[in-house]
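Student: Take a look at this one; I'll ask things after.
The values are calculated or read from the model by the stated rules, or taken from the named source; none is laboratory data. If you're wondering where the values come from, they're calculated on a predicted model, not measured in any experiment. Ideal geometry is used to build each Cβ from the backbone, glycine not excepted, and the neighbour counts take in all protein chains shown. These accessible areas exclude ligands, DNA and RNA; they are computed on the full protein's heavy atoms, side chains included. Shrake-Rupley method; radii C 1.70, N 1.55, O 1.52, S 1.80 Å.
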Amino acid sequence: MSFASLGLAPALLRAVREQGYHAPTAVQAAALPPALAGHDLFALAQTGSGKTAAFALPLLQNLLAAAPRPGPRALVLAPTRELAAQTAQLLRDLASALPQRLRIALAFGGVSINPQLMALRGGCDIMVATPGRLLDLLDHKGLSLAGVQCLVLDEADRLLAAGFADELQRLLAQVPVVRQTLMFSATCPPGVEALAGQLLCEPQRIRVEEAALQITQRAIQLDRAQRLPALRQLLRDAGWRRVLVFVASRYTAELVSDKLFAHGFKAGLLHGELSQGARRDVLAALQAGTVEVLVATDVAARGLHIDALDAVINYELPRSAADYTHRIGRTGRAGAQGSAVSFICADSAENAESHFRLIEKRQGQRVPRERLAGFEPQAVSSEAQAVGGIKSSTRKSKKDKLREAAAKAASDGH
Ligand code: AMP
């Protein structure tokens, strides 16, 4: 299956190529033809399935075909600031390949409204927003929704779970009844089904099975001092072409990438203190394959668009379970198989084992512990010492002393 066979215009075919998309994902293949034909859609698809482009591409193509008029002509509602920002970014990237200039506005709460109002002064063609802030902007007469021809509800289940039901109803009352509506949701609880019934007109229903996020998680126990040689062995054995290695600090990032580089790996470095230009260069190098192992801190990797990673390695564990999910979600995207490997060091300053157990608990999944041959840990975790320390300690218990004395007396007697 190719994008061309789905009916995409040449400019958008160029745009998807520039994004590095070679073939449509399952949700894109299913959504594009009906959405391009102007039908309403109800798609059940997870994050990672390529759902954003599944609505962004037809939205842009349909806008191009329609006569220009005051906007916004398309409205995308998203539950979170992060999702709204990512969606606006993809729309901007795709739109940059188009012959006609489209203005894409972004608005979310938690920041001052004034710059968003200012940005809307010249009008916009596409508005991407979280519901609460969009209502604020409407109250400030920053825009009107009377010209909306296409409405997208992204992650409808999260929109409802985040308590946006009332805001949605107030917004929907301001959007024209005659329009195209594309609704995406990862799950379909009764509230989402009811919303679909209210909003959609004879929709095409699409269900993409959970093949999208295929991440094999591994947890390897080893000593801190063994991490670098173990990492080298892992990288060599697995033959990954694109790997992100997460560390906790700039110092470790520099150390690990230098050492890998010295051992002949195509290693790169990404941390928060790099300039924008340097970040762009190293990401382009990763995309081009001149860098294969990128050593990064969380700060630098947040919000990045890196496609088709083979593996993510937690050289040092993230602080929170949310960061863990965020890190490992960078592999196994858009139907590709990915690996997430975590190093669990018993001799780390924090108790890595119990910290990782907490991460497992939060994500509701247990990851079997492994040891790499030749890198078996020698250190005993502080927790293990606490539990088993009395037995293994050199201080003898009263009972042991009595037993020894009895044995000695017995042997003396013989
Ligand atoms: P989404 O489900 O929209 O959050 O997309 C998840 C990831 O898949 C993003 O990093 C996209 O860049 C990537 N992606 C989307 N469509 C494709 C495609 N056709 N081929 C390869 N990667 C894609």
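Student: Using a basic spin-label model with each label point 7 Å from the Cα along Cα→Cβ, how many nm lie between VAL178 and GLN337?
Tutor: 5.2
Student: Roughly how many debye, to the nearest 20, is the charge dipole of segment 4-208 about its Cα centre, given +1 on each Lys and Arg Cβ, -1 on each Asp and Glu Cβ, and no other charges?
Tutor: Dipole magnitude for segment 4-208 comes out near 540 debye.
Student: Right, here's the next one. Put SER144, SER185 in order of accessible area, largest first, 1.4 Å probe: what do you get?
Tutor: Descending order: SER144, SER185.
Student: Right, here's the next one. Given Cβ point charges of +1 (Lys, Arg) and -1 (Asp, Glu) and nothing else, what value in debye, to the nearest 20, does the dipole of the chain about its Cα centre take?
Tutor: About 620 debye.
Student: Further question: Whenever you get a sec, compute what percent of the accessible area on the chain sits on carbon and sulfur atoms (1.4 Å probe).
Tutor: About 53 percent, which is the carbon plus sulfur part of the accessible surface.
Student: Working out 0.36 nm times the residue gap between ARG207 and SER144, then minus their Cα-Cα distance, what length gain in nm do you get to one decimal?
Tutor: 19.4 nm
Student: Quick check: pseudo-label points 7 Å beyond the Cα along Cα→Cβ at LYS266 and SER354, how many nm apart are they?
Tutor: Distance between the two pseudo-spin positions: 4.4 nm.
Student: Using modelled amide H (1.01 Å from N, peptide plane; none on Pro or chain starts), what sits under 5 Å from the amide H of GLY71, excluding residues fewer than 5 places away?
Tutor: Result for GLY71 returns CYS124.
Student: Express in Å², to the nearest 10, the accessible area of GLU376 obtained by rolling a 1.4 Å probe over the protein heavy atoms while all chains stay in place.
Tutor: Rounded to the nearest 10, that gives 80 Å².
Student: Among VAL178, PHE265, LEU75, flag the residue with its Cα farthest along the positive direction of the charge dipole of the chain, charges on Cβ as +1 for Lys/Arg and -1 for Asp/Glu.
Tutor: Of the listed residues, the answer is PHE265.
Student: Could you work out how much longer the chain between SER96 and ASP166 gets when fully extended? Use 0.36 nm per residue separation minus the Cα distance between them, nm to one decimal.
Tutor: 21.7 nm
Student: Then there is this: Counting only heavy atoms of the protein chains, get the accessible area per residue of the chain (1.4 Å probe) and round it to a whole Å² value.
Tutor: Accessible area per residue, the chain: 49 Å².
Student: What distance in nm separates the two pseudo spin-label positions at ALA285 and THR187, each 7 Å out from Cα along the beta-carbon direction?
Tutor: 4.3
Student: Working out 0.36 nm times the residue gap between ALA248 and GLN365, then minus their Cα-Cα distance, what length gain in nm do you get to one decimal?
Tutor: 39.8 nm
Student: Next up: What residues qualify as long-range amide H neighbours of ASN314, i.e. H under 5 Å apart, gap of 5 or more or another chain, H built at 1.01 Å from N?
Tutor: Residues meeting the amide H criterion: PHE246, VAL341, SER342, PHE343.
Student: Can you list the residues, at least 5 places off or on another chain, whose amide H is less than 5 Å from the amide H of VAL152, using H built in the peptide plane?
Tutor: For VAL152, whose amide H was placed from the backbone, the distant partners under 5 Å are LEU75, VAL76, LEU77, LEU182.
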